[in-house]
1. Of everything in segment 31-56, what is over 20 Å from residue 118 (Cβ atoms), touching a strand residue (DSSP E or B) at 6+ places or on another chain (Cβ under 9 Å) and surrounded by 13 or more Cβ atoms within 10 Å (Cβ to Cβ)? Give them in sequence order.
2. For segment 57-87, what are the residues that are within 25 Å of residue 126 (Cβ to Cβ), open to solvent by less than 40 Å² (accessible area, probe 1.4 Å) and without any contact (Cβ under 8 Å) to a residue 40 or more places away in the chain?
3. Would you call residue 27 open to solvent by less than 70 Å² (accessible area, probe 1.4 Å), β-branched (Val, Ile, Thr), part of a strand (DSSP E or B) and under 28 Å from residue 229 (Cα atoms)?
4. Do we have any residue at all in segment 30-53 that's modelled with pLDDT of 95 or more, farther than 26 Å from residue 207 by Cα, hydroxyl-bearing (Ser, Thr, Tyr) and not in a helix (DSSP H, G or I)?
5. In segment 69-93, how many residues are of a type in the set (S, T, N, Q) and either outside any helix (DSSP H, G or I) or in contact with a Gly (Cβ under 6 Å, 6 or more places away or on another chain) (or both)?
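The values are calculated or read from the model by the stated rules, or taken from the named source; none is laboratory data. Fair warning: this is a prediction, and the values are worked out from it, not measured in the lab. When we count neighbours, we look across all protein chains shown, and the Cβ atoms used for this are built from the backbone with ideal geometry, even at glycine. Ligands, DNA and RNA are stripped out before the accessible areas are found, and what is left, the full protein with its side chains, is counted by its heavy atoms. Shrake-Rupley method; radii C 1.70, N 1.55, O 1.52, S 1.80 Å.
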Amino acid sequence: MTTATPLPTWLTRVGVFDLETTGVDVTQDRIVTAHVGVLDRHGREIAARDWLADPGIPIPDGAAAVHGVSTEHARAHGRPAREVVAEVSEALAMLFSQSMPIVAYNASYDFSLLAHEARRHGLPELAAPQPVIDPLVIDKAHDRYRRGKRTLSVVAEHYAVPLDAAHEAAADAIAAGRVALALAKEFPLPESAFELHTQQIGWARDQAASLTEYFIKVGRLEPDEALDGSWPVRSS
């Protein structure tokens, strides 16, 4: 009989975080919905909070088709964007103050957009958020040559994690947390979440450099252009 490898102790409880937004530009787009929660080591959510914001700008039809929130609905039912940005930042800061790792899939998107929203509204930004756990970065690092897309839906399916309402902030956040649990069972991860955070900084930088090289090769980037590999908050 083989003994299962024990999970890192930081997985006893993890925060989870996800945003749904008006688009994919972290500098210009706005928060529409947000979810911050806490999962136990079995992937059960034991605390959660959701937000619906009026982003203050029209929600493009393409974005609304993804997350299901129209401009009209956000204006009628959403709270002022400044209040939502402040409360999401405060909720995350509280978890970080407890040294709780926060899981976010493609973390550099969510944390970068939140940082730009804070600047936009004259609010304090999260100061060097850590430890962050990004299943996208970890999966790419440990299973580099697996073919296919690396969207949350595809990766969740690969690790047998249910995701029944993709692109809904709570569903995506919880699924990302459960993928993190699955990765810890599949690959040897450091006992310290802070050590894993540091490793991901290097992995994200290397992954961006590799993707930059490919994009230049296929003509999607000019030879003097480069993707920003800073993580978990983009520098540009």
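1. Kept after step one, since they are over 20 Å from residue 118 (Cβ atoms), are these residues of segment 31-56: 37-48.
From what's left, touching a strand residue (DSSP E or B) at 6+ places or on another chain (Cβ under 9 Å): 37-41, 45-48.
Across segment 31-56, the qualifying residues are 37, 38, 39, 40, 41, 45, 47, 48.
2. 59, 86
3. So residue 27 does not fit the description; no.
4. yes
5. Of segment 69-93, the ones of a type in the set (S, T, N, Q) are 70-71, 89.
Okay, now just the ones that are also either outside any helix (DSSP H, G or I) or in contact with a Gly (Cβ under 6 Å, 6 or more places away or on another chain) (or both), so 70.
Matching residues across segment 69-93 total 1.
This table checks each residue for (1) touching an Asp or Glu at 6+ places or on another chain (Cβ under 7 Å); (2) within 30 Å of residue 185 (Cα to Cα).
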{"residue": "8", "(1), (2)": "yes, yes"}
{"residue": "32", "(1), (2)": "yes, no"}
{"residue": "51", "(1), (2)": "yes, no"}
{"residue": "64", "(1), (2)": "no, no"}
{"residue": "70", "(1), (2)": "no, no"}
{"residue": "90", "(1), (2)": "no, no"}
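Let's see how each residue does on (1) within 20 Å of the chain's Cα centre (by Cα); (2) farther than 17 Å from residue 144 by Cβ; (3) not in a helix (DSSP H, G or I):
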{"site": "182", "(1), (2), (3)": "yes, yes, no"}
{"site": "191", "(1), (2), (3)": "no, yes, yes"}
{"site": "195", "(1), (2), (3)": "yes, yes, no"}
{"site": "199", "(1), (2), (3)": "yes, no, no"}
{"site": "204", "(1), (2), (3)": "yes, no, no"}
{"site": "208", "(1), (2), (3)": "yes, no, no"}
{"site": "211", "(1), (2), (3)": "yes, no, no"}
{"site": "214", "(1), (2), (3)": "no, no, no"}
{"site": "217", "(1), (2), (3)": "no, yes, no"}
